[in-house]
Structure formats: structure tokens, C-alpha cells
Amino acid sequence: MANLTTYSMKNYPAFSPQMKMADLIHVNYRNLSVLSRLGISLGFGEKTVDEVCKRHNVDVNLLLLICNVLLDTDMIPAEEQIAKCPVEQVVHYLQQSHQYYLNVAFPSIQHLLDRLVAACNETHGKALNRFFNEYRKEVESHLAHEDQTVFPYIMQLLNAPKKSKFSIRQYKDRHANIEIKLTDLKNIIIKYIPYDNTDNLRDELLIQLFNFEDDLNRHTLIEERLLVPSVILIEQKISLS
């Protein structure tokens with residue numbers, strides 16, 4: 001298993017605490033969202049990853065681990081890496097992702113969709129609205145379950161450890177795929193909306209949908225590769241106490 005602070009992929013420099021934070025973004029632009037969701041703002045000049053993390057009270061190993069998982073989606077962290085994860089920071093990262101989806105991504109997609117619907121015939125417009133609304137409700141329900149049940153359970157474990165009827169394995173078992181309706185929506189736009197003067201608008205909407213899907217998939221990776229294994233270790237310690 002690759003070492004946490006030296007992991008790299010072919011043709012990419014190794015992520016390390018000593019590299020410039022700006023280089024972290026040049027290697028993978030998706031790390032912009034990682035920094036934002038961990039509360040790290042741009043404007044750090046020539047400071048290293050370690051220096052910036054210390055300034056913002058962010059665990060440097062967690063930052064690098066998230067960046068590695070997002071760069072290589074086949075990476076499975078070792079147990080010793082998981083054991084060192086500051087779970088409260090993982091939860092914060094995921095909560096900030098939820099806020100981005102609900103308050104930024106969805107409104108932006110909705111704005112473009114409304115413009116496209118206004119330019120379509122009634123049949124296509126109704127289909128677009130129906131598939132997007134169904135998908136949005138499914139995602140919002142999924143996020144609400146995490147925000148209202150899963151994350152409070154985890155924080156309770158961290159702050160006042162005790163046995164509970166709920167376990168993170170229950171969450172893992174019902175961590176369903178929520179991308180099917182999004183695929184249907186994209187296919188309607190790609191295959192069935194006649195090309196006319198809405199071509200640029202359609203392309204812009206599709207790009208946002210693909211980007212949203214990619215972000216959500218990688219969000220799920222962080223939950224499955226970091227959050228769930230971390231909480232399982234905590235639950236095991238509690239059960240043995």
C-alpha cells in the first residue's frame with residue numbers, strides 16, 4: 001500500500017507536506033474544492049501544504065489522503081492511515097460538500113435547466129423538469145439522512161462514546177446508487193432535444209451535470225474509503241470497552 005505522504009501516480013509529482021500548496025492545485029484542479037471544503041482559502045503564496053494546513057488547523061495527512069483518493073479512485077487507504085484520520089474533519093468536509101450541492105450546484109443547474117425548458121416544446125420541457133426534480137429529491141433525501149442521522153451519530157461517538165442500536169454498517173448497506181435518474185436526464189438532453197439555437201445552453205448544462213455527477217461520485221468515495229472505515233474502528237473500540 002502506498003505511503004500516505006509519498007503516494008503518486010505515473011506522470012504526477014508526489015503529494016507531500018513539503019510541496020507548494022499551489023502545485024497541489026496544478027496537479028489536480030479538483031483539489032480546489034477540497035481546500036474550500038476544509039476551510040482553506042486561496043492566496044497562500046509560496047507556502048507549503050504543511051504551512052497552510054497548520055495556519056488553518058487542518059490535518060495535513062487528511063488533506064493529502066483526500067487528494068490522493070480523488071486523484072486515484074482505485075486507491076484504498078491502509079488501516080493505519082484510516083486510524084489516524086481526524087473523523088470530525090472528515091465529517092466537516094462532507095457537510096461542506098452537502099452545502100455546496102444544495103446551495104450552489106443545484107441552483108446553478110436549475111437556472112440553466114429553466115432556460116432550456118423555456119426554449120423547448122412542452123413535451124420535452126415537462127420531461128426535463130420531471131427527471132431533474134426526481135433526481136434532486138432523491139439526492140436531497142440522501143443528504144438529509146446523512147445530515148440528520150449519520151453525522152450526528154458519528155459526532156456522538158466522538159464526544160460521548162457509548163453503544164447504540166444504530167451502526168455505520170447500516171448506513172453503508174443502504175448507501176444506494178443515486179445516479180440513475182441523472183443518467184436518464186443527460187440522455188434526454190443528448191439524444192432527444194432537437195438541435196437549434198439552444199446548442200450552447202445545452203452544452204453548458206450538460207457540462208454542469210457531468211461535473212456534478214463526478215463531484216458526487218468522488219464525494220461518495222470519501223465516505224466509503226475514509227468515513228465508514230474510520231467509524232467502524234471507533235465502534236469496535238467501544239464494543240470492546
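When segment 191-213 is filtered for residues that are closer than 29 Å to ASP74 by Cα and free of Cβ contacts under 8 Å to residues at least 24 places away in the same chain, the ones remaining, listed by number, are LEU206, ILE207, ASN211.
Would it be correct to say that ILE207 is assigned to a helix (DSSP H, G or I) and open to solvent by 70 Å² or more (accessible area, probe 1.4 Å)? For ILE207, the condition - assigned to a helix (DSSP H, G or I) and open to solvent by 70 Å² or more (accessible area, probe 1.4 Å) - is met.
On the basis of being modelled with pLDDT under 95, surrounded by 12 or more Cβ atoms within 10 Å (Cβ to Cβ) and of a type in the set (Gly, Ala, Ser), does ALA176 make the cut? Against the criterion (modelled with pLDDT under 95, surrounded by 12 or more Cβ atoms within 10 Å (Cβ to Cβ) and of a type in the set (Gly, Ala, Ser)), ALA176 does not qualify. Of the listed requirements (1) in a helix (DSSP H, G or I); (2) open to solvent by less than 70 Å² (accessible area, probe 1.4 Å), SER164 misses just one: (1). The condition of being under 16 Å from the mean Cα position of the chain (by Cα) and free of Cβ contacts under 8 Å to residues at least 40 places away in the same chain holds for only one of VAL139, VAL104, that being VAL104.
Across segment 174-185, not a single residue is classified as among the small types (Gly, Ala, Ser) and assigned to a helix (DSSP H, G or I).
Scanning segment 105-116 for residues that are crowded, with 17+ Cβ neighbours inside 10 Å and at pLDDT below 95 yields a count of 1.
The values are calculated or read from the model by the stated rules, or taken from the named source; none is laboratory data. Computed from a predicted structure; not experimentally measured. Glycine also receives a Cβ, built like all others from the backbone with ideal geometry; neighbour counts cover every protein chain displayed. SASA here: full protein model, heavy atoms, side chains in, ligands and nucleic acids out. Shrake-Rupley method; radii C 1.70, N 1.55, O 1.52, S 1.80 Å.
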